[in-house]
Each structure stands twice: as structure tokens, then as C-alpha cells.
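One structure below.
The values are calculated or read from the model by the stated rules, or taken from the named source; none is laboratory data. Given the structure is predicted, the values throughout are model-derived calculations rather than measurements. As a convention, Cβ positions derive from the backbone with ideal geometry for all residues, glycine included, and neighbour counts pool all protein chains shown.
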Amino acid sequence: MSLLSKRWKCIWYSIPTLDFSDADIGGFSFQGCKAFYNFIEKCLKYQKASMRFISDSVLTRFKLDIEYYGDSSTLDYDSLSFAIRRNIEEMELGAKPKFEIKCAYYCLPEAVLNASWSLLVLKLDSLKLNGFRSVTLPCLKSLSLTAVKLDNHILTSLLSGCPSLEKFLLKEVETRFSELCHTVEAINLESFVYSGSCKNIDLSACNGIRNISRLDNWLHDQSLEDIIFGLPLLESLTLSWCYALKRIKICCQHLKSVRLEKTYEQEAVEFSN
């Protein structure tokens, strides 16, 4: 379009949403991957330059979904930091490793977890969270972690740094210390979705939760009853692949919906208000 009109050459700088994905690019190679990263960095460079002459230029949503080849130098940290500094409201970052080895996971820049007061939604997929000194996301409402690698203390720091969190999704997350108790401390949390291999997840500090969905092979009768007992406002409960459950006793005044998906050998489900 910029070939047809000089006006179009710069007008795209004011677009509030940037969505980069290599999903539709066939025959990708390492060199092609580097070229795509360079394209992303060039776009963000022009966005940065636009701030000088377009006063109303804002970036509210940034999405990056790529196949990662293990070379951290090809994905520039400064680019992601710049996106954060644009008072962004929603950010989605996905870097699925091309090669399933430990070193191939892209390590999330610390700047992303110390964003401005504007970030409301953060979705991370197939990344590694490691070595963070602090987490400051004061206005974050929704946090989604899918196929993320992290340590237990990082998860604790992450949640303590998100005091306004209302929705929290954990899916296929791998923790280094899976046997430890993972405490979720988010007093404003209303929705919790979990799928993974952690045996102990403590939600006692989140008594405002209204919706829970768990795909959990380790969940047994007593642990489920303890969870429900500590959530007086619970309205919706979904359980999937919880084949360790035998006889379920549910006592919750506000519960409106219970859904069992692919659970086996339950002797009974007993409800009590």
C-alpha cells in the first residue's frame, strides 16, 4: 500500500495491535527463522520511531507465536522490553521449542514480569521462567501459563507480584520441585484452571474463588473435600481425568454446577448444602 500512497508509508505505525506468528510459513529453517525475527525487530523499531511524530500512537495488544530454535540471540530482549514500555494491556508470548531439549526453551526476559501499570492480560506458552529477582504486575487481571518450565519459588513470587489477579490458568506446567506444596496467594482470584503433575496445590488463601477446573491425576477424595471446604463462594466445579476419586462428598452453599469429565470408578457423588 505504501507504493500507492506515501500516506500509507507511516500510517500503520498507529495500529494498536501487533500479532506475529510463523504458523502459516511453510518450510521453515533456521535461516528463515532469523529472517522472521529480524522482520519483527524492524517492525518494533519503526513503531518506536513513530512515537516522535504520531502523538496518539499506542500499542494495546502484542502477540508473538513462534517456533524456537534455541538461539536466544535471534530474539532480541530489547524488542520485548519496548513492547512492554508502550503501556500495553494484553501480551501473548509463545515460543514452542523446535527441538525437545532443555536448553531449547526460550527464557522469558525479566522486563516482561516487571511491566507498567497498564498490563491486564498475560499469556505465556512453552517458555522458561528462571532467575527472576522480582515480579511487579500490579494491575494484571488474567494470567495463563501453558507448558511453562519454572521453579516453585518463582511461581510463588509471580503470584505475590500480581495482587489484582482474578483469573489464573496452569496447564501442562513443569516445576522443578513437583513434590513441594505450591501455594497460590491471590486474594482477588475468582477463576482457577489447572492441568499438570503437581501433587499439592494450596488454594486456602484464595477464598474468593468462584470457578475451578482441574485435570489432575493426583486429586483424591479428601483433598477435593478440603479444597471445596476452603472455598465458601464456589459456584462452578469441573473435574477431568481425576480417576483417583472414589466417593465424592460436596458441601458448598453457593455451588450451582458440577461437571465430571473422563473420571472413572466413582462410587457416588453426594451433595450437601
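Some observations on this one:
- Residue under evaluation residue 174, criteria (1) surrounded by fewer than 16 Cβ atoms within 10 Å (Cβ to Cβ); (2) farther than 27 Å from residue 68 by Cα; (3) charged (D, E, K, R), criterion not met: (2)
- Of all residues in the range 21-35, one or more are at pLDDT 70 or above and in a loop (DSSP other than H, G, I, E, B).
- Scanning the range 113-164 for residues that are in contact (Cβ under 8 Å) with a residue 40 or more places away in the chain and crowded, with 20+ Cβ neighbours inside 10 Å gives 113, 126, 158.
- Those residues of the range 136-185 which are over 18 Å from residue 96 (Cβ atoms), modelled with pLDDT of 90 or more, not in a loop (DSSP other than H, G, I, E, B) and not small (Gly, Ala, Ser), in sequence order: 143, 167, 168
- Flag: residue 114 matches the condition of being in contact with a helix residue (DSSP H, G or I) (Cβ under 9 Å, 6 or more places away or on another chain) and more than 23 Å from residue 200 (Cα to Cα).
- Once the range 51-83 is narrowed to residues that are closer than 17 Å to residue 104 by Cα and modelled with pLDDT under 70, the residue that is surrounded by the most Cβ atoms within 10 Å (Cβ to Cβ) is 75.
- The set of residues in the range 107-129 that are modelled with pLDDT under 80 and among the polar types (S, T, N, Q) contains only 116.
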